[in-house]
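The values are calculated or read from the model by the stated rules, or taken from the named source; none is laboratory data. Quick caveat, the model's predicted, so the values are computed rather than measured. Please note: Cβ atoms are built from the backbone with ideal geometry, for glycine as well, and neighbour counts cover all protein chains shown. All accessible areas refer to the heavy atoms of the entire protein, side chains included, with ligands and DNA or RNA removed. Shrake-Rupley method; radii C 1.70, N 1.55, O 1.52, S 1.80 Å.
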Amino acid sequence: MRLTLHVWRQKGPKDPGRIVTYDMPDVNPDMSFLEALDVLNERLIQRGEDPIAFDHDCREGICGACGMVINGIPHGPRRATTACQLHLRTFKDGDEIWVEPWRARAFPTIKDLVVDRSAFDRIIAAGGFVSVPTGSAPDGNALPVPKKVADLAMDAAQCIGCGACVASCPNGSAMLFVAAKVSHLGLLPQGRPERRDRARKMVEQMDREGFGACTNTGECEAACPKEIRLEFIARMNRDFLRGTFAERPEAE
Amino acid sequence: MSWLGRLYDSTIGKKAIMAVTGVILFAFIIGHLAGNLQILIPDGGARIDAYGRFLHESPVLLWGSRLVLLASVFLHILTSVQLALRNRRARPQPYEFREWREASYASRTMMISGPLIALFVVYHLGHFTTGHFHGSFEPLKVHDNMISGLQVWWASAAYVAAMILLGTHVYHGGWSLFQSLGISHPRYTPLLKKGAAVVAVLITLGYVLIPATIWMGLVR
Ligand code: HEM
Ligand code: FES
């Protein structure tokens, strides 16, 4: 099949960048989107041009490394699918496809489609953990977790931290990511004691990084390859508001 | 920083303030509509004029509620502008190609419908509260002021347009406020969204009825 790619090319952080059009007359519909970029890069290298830089690692939709905005939608048009799991058969022969990096102040572009997502790491470092000695696993059923709670925590824990929520949000907000982390830790017994403090610290770090605020448009939920739900943002709001509004003063 | 400072400083705290002030304004919108619909009672204005006098009877209640509303409007606008500026800064470079999948038209235009409603409120206060923008204003003559004010076609049109904008604003705001305050439930949130849509349509229809019927000469 034939595709025309309009790809964002940017030499480095300071380069203003531009769209460059590449014709791909003979791609296999069963290739993944990243494989198509690999093929294109092989050709660029043969022609002595700079290959397109893009992030990837597992190529099976679980690591969260890949990520590009394809035709105006992070990870492309298929719901619940990362760019590495998106196949060219999703498109029609002759389609024109626009490929851009995540665009957010907190995710500065490094090169072409690669952005710096270390803001997410700093949010995790601010509170995305459980401060208890780990040691060996507890005995089975020593810490009962109701099935529904475990399922809900698992739904939130699916987040792979790819940043599609930020990329899709009209406000460049990271609320869905932070909400997923706050929820999955806060729902389980080990993470419960710190849950309000955690929400407060992670949200404060998120704000410091320069992400936008939520206007409840639902774009992030639609873009999320792991189907994290808006419901978790409400849960984070709840934990944060309680942790700020109703926090007990420190004992002297 | 004190807890209040931390709350105000955060995106979520500001959004909670928008939601709480939004609820207050929402309550006012409904009460105001119920009061104003009395113009439709064909009694030569007896009921609505009595209602007007009742509102002015107690200066404490009148100024108390005006103060609460004013503070709400002020906080609602202040936080919305601060958040909107932050949101704009969060994406300095726009996409070359952008597609919307979930974001409703109403949700993407809150920062257009909101400021236009604010402009309308200024006009509306000058029209029926102080009388500055009214050709033949007489204090406490609610019925006469409404009829003569809204028989002017462009004034009526401004009211209709503003109420449609208000409808879109509360269509999104009416459910968004719950989410902002941390209230979400897989069973009730979908109902809440539908409920907000129904309430938005009812509010718009109710308010539009007043200028429309007066302008058409059905209420005199
Ligand atoms: C009668 C007047 C108004 C009513 C009843 C009203 C009501 C509401 C409600 C209930 C919300 C939802 C709050 C939330 O999501 O937490 C909201 C949000 C909002 N309002 Fe208003 N509002 C009014 C006037 C205004 C004005 C004058 C502005 C002008 C700047 C404004 C700008 C906004 C914005 C930007 C949002 C946030 C939108 C979003 O979350 O997507 N509103 N409003
Ligand atoms: S490369 Fe790991 S999720 Fe796509």
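Each Lys and Arg adds +1 at its Cβ and each Asp and Glu adds -1 at its Cβ; summed about the Cα centre, the stretch B:3-215 shows a dipole of about 940 debye.
For the stretch A:77-112, the set of trypsin sites (Lys or Arg not before Pro) satisfying both a DSSP loop assignment and a count of at most 12 other C-beta atoms within 10 Å is given as A:K92. For the stretch B:151-209, how big is the tail of P(r) above 14 Å, as a whole percent of Cα pairs? Of the Cα pairs, 58 percent sit more than 14 Å apart. Over the residues of chain A, the helix contribution to mean residue ellipticity at 222 nm works out to -10500 deg cm²/dmol, using -39500 (n - 2.57) for each DSSP H run of at least 4. Entry for the stretch B:33-106 at q = 0.14, 0.25, 0.27 Å⁻¹: log10 I(q)/I(0) = -0.74, -1.14, -1.17, Debye formula applied to identical alpha-carbon scatterers, no solvent contribution. Rolling a 1.4 Å probe over the protein chains gives A:C84 an accessible area of about 10 Å². Scanning residues 5 or more positions from A:V115 or on other chains, those with amide H under 5 Å from its amide H are A:I110, with H placed 1.01 Å from N in the peptide plane. When the stretch A:117-247 is described by a simple charge dipole with +1 on each Lys and Arg Cβ and -1 on each Asp and Glu Cβ, the residue from A:M236, A:A164, A:P146 located farthest towards its positive end is A:P146. Around the amide H of A:S173, modelled in the peptide plane, lie the amide H atoms of A:G212, all under 5 Å away and 5 or more residues distant in sequence or on another chain. Legend: P(r) of chain A from all alpha carbon pair distances, 10 Å bins from 0, whole percents, reading 7, 28, 31, 19, 11, 4, 1, 0.
Pairs over the 31 Å Cα-Cα cut-off, from the set A:K226/B:K14; A:K111/B:K15; A:K14/B:K14; B:K141/B:K194; A:K92/A:K147: A:K111/B:K15; A:K14/B:K14; B:K141/B:K194; A:K92/A:K147. Dipole orientation for chain B: of the candidates B:V81, B:S104, B:P92, B:P92 has the Cα lying most toward the positive pole (charges on Cβ; Lys, Arg +1; Asp, Glu -1).
When only the Cβ of Lys, Arg, Asp and Glu is charged (+1, +1, -1, -1), the dipole of the protein assembly as shown relative to its Cα centre reaches about 860 debye. Spacing of the modelled spin labels on B:T109 and B:L78, each 7 Å from Cα toward Cβ, amounts to 2.9 nm. Seen against the Cα atoms of chain B and their longest principal axis, helix B:189-215 is set at about 30 degrees. Towards the positive end of the charge dipole of chain A, with charges on Cβ (+1 Lys, Arg; -1 Asp, Glu), say which of A:P101, A:P74, A:S131 has the farthest Cα. The listed residue farthest towards the positive side: A:S131. The value given for chain B is a Kirkwood hydrodynamic radius of 19.3 Å, derived from the mean inverse Cα-Cα separation.
Taking the C-alpha atoms only, the angle from helix A:175-187 to the longest principal axis of chain A is near 40 degrees. When the Cα atoms of the stretch A:117-247 are aligned to their principal axes, the ranges along those axes come out at 46, 29, 28 Å in descending order. Among A:D121, A:D207, A:D112, the largest mean-square fluctuation in a Gaussian network model of chain A, built with springs joining Cα atoms closer than 10 Å, belongs to A:D121. Pairs of C-alpha atoms in the protein assembly as shown farther apart than 29 Å represent 58 percent of all such pairs.
Of all DSSP beta bridges confined to the stretch A:3-110, the antiparallel ones make up roughly 75%.
Close amide H pairs (under 5 Å, H built 1.01 Å from N) link A:I19 with A:R9, residues at least 5 positions away or on another chain. Using a Gaussian network model of chain A in which every pair of alpha carbons under 10 angstrom is joined by a spring, one finds that among A:P170, A:P101, A:P133 the greatest mean-square fluctuation is at A:P133. Applying the Karplus relation 6.51 cos²θ - 1.76 cosθ + 1.60 with θ = phi - 60° to the stretch A:151-159 yields 3J(HN,Hα) values of 4, 5, 4, 5, 4, 6, 6, 5, 3 Hz, where x marks Gly and Pro.
Only the Cβ atoms of Lys and Arg (+1) and of Asp and Glu (-1) were treated as charged; on that basis the dipole of the stretch A:115-252 about its Cα centre amounts to roughly 240 debye.
To the nearest 10 degrees, how steep is helix A:195-208 against the longest Cα principal axis of chain A, on a 0 to 90 scale? With rounding to tens, the tilt is 40 degrees. Taking a sphere under 15 Å around the Cβ of A:M68 and counting the other residues whose Cβ falls inside, with K and R at +1 and D and E at -1, yields a net charge of -2. For the residues of A:230-240, the average number of beta carbons from a partner chain within 10 Å of their own beta carbon is 5.
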